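The values are calculated or read from the model by the stated rules, or taken from the named source; none is laboratory data. None of these values were measured; they are calculated from a predicted model. Cβ coordinates were reconstructed from backbone atoms using ideal geometry, including for glycine residues, and neighbour counts include every protein chain displayed. Only protein heavy atoms, including side chains, enter the accessible area calculation; ligands, DNA and RNA are left aside. Shrake-Rupley method; radii C 1.70, N 1.55, O 1.52, S 1.80 Å.
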Amino acid sequence: MTATPPGLVLRPTTGIADVPALLRVYTASNEADEVDERTSKAALVNWLTHPSPVFDPALDVVVADVAGEVVGYGWTSWFDTNDGSSRDYITRGYVHPMWRRRGVGSAILEHNEARLREVSASHETERPRLLGTFADERRPGAMALVTGHAYEVVRYFFNMVRPTLDEVEVPALPDGLELRPVSDRAGYRRLFDADVEAFQDHWGGFDASEEAFQEWLDYPEFDPSLFVIAWDGDEIAGAVANAIYENENQLLNRKRGLLESVFVRRPWRRRGLASALVARSLVLLRGRGMTSAWLGVDADNPTGALGVYERAGFAVHSRARAYRKPMETTR
């Protein structure tokens, strides 16, 4: 075990009552690491009030406390990988910059690993069990922490930015497709399911449960008027679920939209649909007052997404690393 500050207590979250302290830690951490992402009290409340089959906030969120001051927090979840190769048990966390390099991060990570081994013990699966985490390359302390606990890099991800929304070239939609919105729960579910299906080809995995769907609907910035959806008759061929995080934009003094999920289902790929949807998303975001846009992408995306985004004017803004180690590995 790593040495920790005197008086450090790791406790379960008290739920909504912890939100202001969690927000303070998250914001200070990102400011210190120059990570240009922010969240809000409403978003954290939504996260903490939506348990799912792979995430129980009462058990899977841990708060690091010293003499009544919240100095960090972490959480765990798990998923089966899309390619069937493993069951991944994920640990994440933040430490306030004033409390870094004092053993808080190690304490959270070791607590989370113990929690994940407990969860794993209740599972019956023949898949190899892996511990996994992520670290933005702008966080050298986080990268040192996880490599010091025997995690190894297995994948890279990019955040990409289009610095302006001027001069967007909009290609024609492929023949036979048209744009139509969705405006009710049934339509949102069809879009969610189509997104899940399309991403079955991608590395990693995700929570596709009914609870995850409801959390998406309840997210404070959920705005279906920003979605660009291509239909082939009664089938969703592909879409871009766009978002505008007003709170984040105000805090960072910018007007940036997010292409939160870009997907094309298999039967409609290699026809230029992704480029057509991305371009129309940029125009839509510009019409809503945005002056730039960003998105995240797997550096080794198998469907050629990186090239689509580069041709649309996006460039790599930052990189993150995915790490894994066997569940049995101990430090």
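Key figures
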read-out: Lys/Arg +1, Asp/Glu -1 at C-beta; the stretch 35-81 dipole; positive extreme among G74, S40, P51; value: S40
read-out: Only Lys, Arg (+1) and Asp, Glu (-1) charged, at Cβ; the stretch 236-331 dipole about Cα centre in debye; value: 220
read-out: Net lengthening on full extension, T147/Q200 (0.36 nm per residue, minus Cα-Cα); value: 16.2 nm
read-out: Radius of gyration and Dmax over the Cα atoms of the stretch 132-246, both given in Å; value: 18.2, 54
read-out: Gained length - L252 relative to E235, 0.36 nm times residue gap less alpha-carbon distance; value: 2.2 nm
read-out: Bins of 20 Å from zero: percent of alpha-carbon pairs in the chain; value: 29, 59, 12, 0
read-out: Residues of the stretch 124-162 with amide N under 13 Å of a point placed 7 Å along Cα→Cβ from E328; value: 128-130
read-out: Under DSSP loop assignment and at most 10 Cβ neighbours within 10 Å, longest GluC sites (Glu not before Pro)-free interval of the chain; value: 170-327
read-out: Cα→Cβ-extended label distance, 7 Å offset, between R101 and A315, nm; value: 3.3
read-out: Calculated [θ] (222 nm, deg cm²/dmol) that DSSP helices of n ≥ 4 give over the chain, each run adding -39,500 (n - 2.57); value: -9500 deg cm²/dmol
read-out: At least 15 Å along the helix axis (C-alpha) and Kyte average at least -0.5, DSSP helices within the chain; value: 19-33, 104-121, 273-287
read-out: Most to least accessible of H111, H149 (protein chains only, probe 1.4 Å); value: H111, H149
read-out: Volume per residue of the C-alpha convex hull in the stretch 227-317, rounded to whole Å³; value: 97
read-out: R288-R189 FRET efficiency (beta carbon distance; Förster radius 30 Å; 0.05 resolution); value: 0.75
read-out: Convex hull volume of the stretch 180-331 per residue (C-alpha atoms, cubic angstrom); value: 153
